[in-house]
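This report refers to the structure that appears directly beneath it.
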């Protein structure tokens with residue numbers, strides 16, 4: 001078997017080729033899904049078809065029900081995620097820059113980072129009840145730790161020669177922060193933000209499944225209880241699409257705010 005030529009390998013690595021292959025794989029999956037569901041090879045109560053899912057989605061979009069649940073989930077996610085950013089970024093910057101503070105908070109961060117958020121849900125309910133603040137707290141706990149950890153790593157990865165050079169020209173602490181540390185750590189911060197978005201979305205959906213009468217998580221549970229597989233699959237895919245859009249937005253924001261990082265990768 002002859003090895004693949006570098007020219008052919010480079011063609012497969014081009015963005016257009018990757019997009020084409022990805023699109024074809026999605027279309028193939030949808031075709032197989034429709035075939036299996038359409039031939040009733042599996043009980044329709046357990047598997048839907050793309051056509052039925054689209055039909056259920058159109059019916060749901062036409063009602064106020066979906067938009068009400070979307071507003072609730074969006075508000076809970078926004079509240080928890082913004083709070084995590086406000087706390088995590090400054091704390092990560094300080095813990096990354098001041099080594100003693102970093103040594104102090106590292107064990108606590110690693111412990112809570114590894115702890116399943118579902119295990120803390122009963123305690124959160126005792127503290128905050130079953131309102132919007134308990135679900136926002138789950139988002140907060142899911143997002144804050146990856147942001148802190150990556151921010152600390154970003155500060156520690158800043159080249160020491162940059163700092164020494166800036167100090168040799170008389171740069172003060174605030175100049176080091178705004179001109180050296182923050183720009184150098186920004187790609188790591190945005191990586192933490194992307195991880196936090198994913199964990200936050202999972203957190204809000206799981207919390208709504210257990211302690212809410214509104215939100216997309218509750219909508220999923222209602223569809224499951226009624227064996228409405230079409231609606232269940234549609235809402236699940238909707239949550240995935242919203243998460244993907246949020247991740248792409250954060251990636252675009254990173255490319256806009258730190259264009260030099262992309263130039264280095266190229």
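The values are calculated or read from the model by the stated rules, or taken from the named source; none is laboratory data. Quick caveat: nothing in here was measured; it's all calculated off a predicted structure. Note that we place each Cβ from the backbone using ideal geometry, even for glycine, and neighbour counts take in every protein chain shown.
Brief remarks follow.
- Among the residues of segment 210-220, just one is surrounded by fewer than 18 Cβ atoms within 10 Å (Cβ to Cβ) and in a helix (DSSP H, G or I), namely 210.
- Taking the listed residues 164, 156, the one that is touching a residue at least 60 places away in the same chain (Cβ under 8 Å), assigned to a helix (DSSP H, G or I) and over 17 Å from residue 200 (Cβ atoms) is 156, with no other qualifying.
- When 52, 43 are screened for being loosely packed, with under 10 Cβ neighbours inside 10 Å and either at pLDDT 75 or above or over 27 Å from the mean Cα position of the chain (by Cα) (or both), only 43 passes.
- Among the residues of segment 236-247, at least one is part of a helix (DSSP H, G or I), out of contact with any strand residue (DSSP E or B) (no Cβ under 7 Å at 6 or more places or on another chain), modelled with pLDDT under 90 and under 30 Å from residue 159 (Cβ atoms).
- So residue 11, is it in a helix (DSSP H, G or I), modelled with pLDDT of 85 or more and either touching a helix residue (DSSP H, G or I) at 6+ places or on another chain (Cβ under 8 Å) or surrounded by 11 or more Cβ atoms within 10 Å (Cβ to Cβ) (or both): no
- Scanning segment 243-255 for residues that are touching a helix residue (DSSP H, G or I) at 6+ places or on another chain (Cβ under 8 Å) and either more than 13 Å from residue 199 (Cα to Cα) or without any contact (Cβ under 8 Å) to a residue 40 or more places away in the chain (or both) returns 250, 251, 253, 254, 255.
- Among the conditions (1) at pLDDT below 90; (2) within 17 Å of residue 55 (Cα to Cα); (3) assigned to a helix (DSSP H, G or I), residue 227 misses just one, which is (3).
- Condition check for residue 194: assigned to a helix (DSSP H, G or I) and either at pLDDT 80 or above or in contact with a strand residue (DSSP E or B) (Cβ under 7 Å, 6 or more places away or on another chain) (or both): yes
- Of all the listed residues (183, 116), the sole one being exposed (fewer than 13 other Cβ atoms within 10 Å of the Cβ) and either within 27 Å of residue 250 (Cβ to Cβ) or within 18 Å of the chain's Cα centre (by Cα) (or both) is 116.
- Flag if residue 125 is in contact with a helix residue (DSSP H, G or I) (Cβ under 8 Å, 6 or more places away or on another chain), assigned to a helix (DSSP H, G or I) and either surrounded by fewer than 21 Cβ atoms within 10 Å (Cβ to Cβ) or at pLDDT below 85 (or both): yes
- Options 62, 99; residue that is closer than 23 Å to residue 185 by Cβ, more than 23 Å from the chain's Cα centre (by Cα) and loosely packed, with under 13 Cβ neighbours inside 10 Å: 99
- Flag if residue 148 is closer than 13 Å to residue 91 by Cα and modelled with pLDDT under 90: no
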